[in-house]
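The values are calculated or read from the model by the stated rules, or taken from the named source; none is laboratory data. Here the structure is a predicted model, which means the values were calculated and not measured. All Cβ positions, glycine included, derive from the backbone under ideal geometry; neighbour counts span all protein chains shown. Ligands, DNA and RNA are stripped out before the accessible areas are found, and what is left, the full protein with its side chains, is counted by its heavy atoms. Shrake-Rupley method; radii C 1.70, N 1.55, O 1.52, S 1.80 Å.
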Amino acid sequence: MSSIFTELKRRNVFRVAVAYVVIGWVLAQVLDLLVEAFEAPGWVLKIFIALMVIGFLPALAFSWVYELTPEGFKRESEVDRTRSVTGNTARKLDVVTIAAVVIGAAFVGWTHFSAQESVHHNEEAGFTQTATDGLPDERSVAVLPFVNMSANQDNQYFADGLTETLLHMLAQVRELKVAARTSSFAFKDQTISIGEIARALNVSHVLEGSVQRSGERVRITAQLIRASDGFHMWSENYDRMLDDVFRIQDEIATDVRAALSSSLLGGDGSAKIESVATNDLEAYDLYLQALAAQTRGSYGALQEAERLLKKALAKDADFLEARTELALVLWHQSSTGLIPRDQAIEQGQALTAQVLQRRPQDVRARSIQILMASFRKFFGGDIEGGLKEIERLELLTQQAPSEPLPREFLVKIYNRNERADQALLQIKVLLEIDPLNPAHYNELGIAKMQLRAWDEARASYRRSLELEPGQPNTYIYLARVDMQVGDIVGFVRNHEAAMVLDPEDHELPAELAEIFYRYGLIEIGDRYKTMTDALAPTSPVARKLELERAMASGEFELAEKLARNMLQDNVEDRQGAWTRAARRFFRLAGRKGEYADALKFMETLYPGFTDPATQDLPFNVMFARNAALGLTKVTLPPDEFQAFVASQLEFMTETLGFVFGKDPFFQAEIHAARGEREAAIDVLLQEVFSQPETKFHFVPAVFWQPHLAPLISDPRIQAGISDYEQQASANRNKLLEYMLASKTDAQDR
């Protein structure tokens, strides 16, 4: 036995076996990638592996019978043992084997890294997937943008319209998970394999196709592919006249539905699915352009989306999807300050009511109407009614699990009201439905900020910018992170980046002006105020800026007049304009000791302002009562003052059902108002003065309030205020240095 083993070793049979296996493994890895890249059937790789297995024994037999010599292969029996070069052959085989191992390992590492690239972004943002979580649902499909094969590239809208219609129709199949439009269209004009796309979108099937239009004829090719092995489950060519484009789209969607139903959904696919409600090609093209503009979210883009949708409706007044999207665009405009919130709600609810009259179960229209109803009730003081609307939205996400919009709205509400844990649960589902939507990463960043996970928040916002670099609002979110961690220069830099992307947004320079006024840099602040006034001189934000400039300049009589006028005019609380006016008015009244007069003024505007039993005042007014604690401390009898304090605490923590009451400064105020001095000081030291001055910059200025007087004499509070003042001075110098350097760079250019 030992002699046979020795002979096998001498003839390099063992080395050939190892080299054969290693080289075969490397070739299999390369072939696997090529099969995926060229979308070849999965049996190609299987046949190769089978051939490698079959060839293993013949290869060993060949190495036993033949020997490699300088003259080529010879039978081993014909080779003189004294002149054998099997030792040299062994060394060559070792080199080949080691090289193959290194190449194979490098190749596997590279492919593994590529496959994990999209997952990495989610992990950076705070999400990880287990092996089980990463498996796509068998009943899932992505509709890729159909390729325009026409000679005229102006026909691209036709291909996009076909894709949009198929998405719209297949999304109505309740049993089917359909990747959302934003994520599907992210792969437009991309040369990426079906397998990679399916992994990125976490789907099992992909519908793709092409459109070739010539004159009045069109040829459409569509195919449904199983991503795991590239198997074509269904394919069809459609040669049609262009007398009824939308009928062709309906036909394809119906065929795809039938193919999926017979193989995956367990039905016959006969249930009706509705097409897009227009037969006007030009109206539909305008609608598609509006969808693309809306994604950027800038002033100009939202105005363009509104114009396009209104133009589409002028061509087809019954185009229900255009009405729904117009309502959504108006809401986004109010969110960015382009139009008043009340105007957006009034017009948006009218538009969605028209849609729901024709299509009562339209999920997107119902979502928009519920969202607007909730905000109308919240800001009108009907907190209980607003909470019921949220419950309706939660129910809608269960009724239509594949439709992102109601879930997106729910996330916005959760984030607005500091329910980060609930928001994260919904965002996780959204990223499964629509993993390449930049808006979802913005909301993820907001939730992470509430949890003080600053690095994860930054990663989320950066991922959002990777997906859509033209979003000015994402830079604002990054600026807010900078403010929370004390990076005042970063705040300004990110705001400037947003201004480049959205030069029409008057609120962006206003925020910078306010920052410079805060640090006493009035001349620099005036530069940005000039920009604001040029864009929107009578806006609530511009009026707030006028008030802040007067305060920063020490023009207190002017400031009081401006604040009083803003309250009398009941300016919209855009960027806290009304709330700021109330706070400044209370502070200026306290400065002069006119506590009772100030409260009397508020009572004339908002009857019940100082009545603890009144809980149905507008949302912003209820919040402003927190800032009036100092005034009520002086003017109300002790028992009434305590009742007022208790009512505000109930409003902030119980009536709302949110966690506003966790705000550390509000907690400290409540403790102080109740006479709990040490508890108030502990909160201030642990939760306020331990944070950067940029986060609680207002604190030193509010100690004028009588209910906080017992705190100001404490040396620990004095030390905290002193530290904040030192930080503020340092931040002022940083801003001056940054602006000087920016000016120098601009001159050099």
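Within the range 302-343, being closer than 12 Å to Ile368 by Cβ and open to solvent by 20 Å² or more (accessible area, probe 1.4 Å) holds for Arg323, His332.
Summed over the range 671-703, the residues that are within 37 Å of the chain's Cα centre (by Cα) and not in a helix (DSSP H, G or I) give a count of 10.
Yes/no matrix, rows are residues, columns are (1) in a loop (DSSP other than H, G, I, E, B); (2) open to solvent by 20 Å² or more (accessible area, probe 1.4 Å):
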{"residue": "Leu444", "(1), (2)": "no, no"}
{"residue": "Ala447", "(1), (2)": "no, no"}
{"residue": "Arg452", "(1), (2)": "yes, yes"}
{"residue": "Glu456", "(1), (2)": "no, yes"}
{"residue": "Ser460", "(1), (2)": "no, no"}
{"residue": "Glu466", "(1), (2)": "no, yes"}
{"residue": "Tyr475", "(1), (2)": "no, yes"}
{"residue": "Arg480", "(1), (2)": "no, yes"}
{"residue": "Val489", "(1), (2)": "no, yes"}
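Restricting attention to the range 318-334, does a residue exist that is in a helix (DSSP H, G or I), at pLDDT 90 or above and among the basic types (Lys, Arg)? Checking the range 318-334: at least one residue is in a helix (DSSP H, G or I), at pLDDT 90 or above and among the basic types (Lys, Arg). Being small (Gly, Ala, Ser) and touching a Lys or Arg at 6+ places or on another chain (Cβ under 9 Å) is the filter; apply it to the range 377-419 and report the residue that is farthest from Ala365 (Cα to Cα). Among them, the one singled out is Gly385. Scanning the range 378-393 turns up no residue that is without any contact (Cβ under 8 Å) to a residue 12 or more places away in the chain, under 21 Å from the mean Cα position of the chain (by Cα) and open to solvent by 50 Å² or more (accessible area, probe 1.4 Å). Just to be sure before I move on: is Thr165 closer than 26 Å to Asp239 by Cα and either in contact (Cβ under 8 Å) with a residue 40 or more places away in the chain or open to solvent by 50 Å² or more (accessible area, probe 1.4 Å) (or both) in the structure I sent? Yes. A count restricted to the range 700-722 and to residues that are touching a Phe, Trp or Tyr at 6+ places or on another chain (Cβ under 6 Å) and more than 13 Å from Leu684 (Cα to Cα) stands at 0. Of the residues in the range 344-355, at least one is free of Cβ contacts under 8 Å to residues at least 12 places away in the same chain and open to solvent by 30 Å² or more (accessible area, probe 1.4 Å). For the range 415-430, the set of residues classified as open to solvent by less than 30 Å² (accessible area, probe 1.4 Å) and either at pLDDT below 90 or farther than 23 Å from Ala200 by Cβ (or both) consists of Asn415, Asn417, Ala420, Ala423, listed by residue number.
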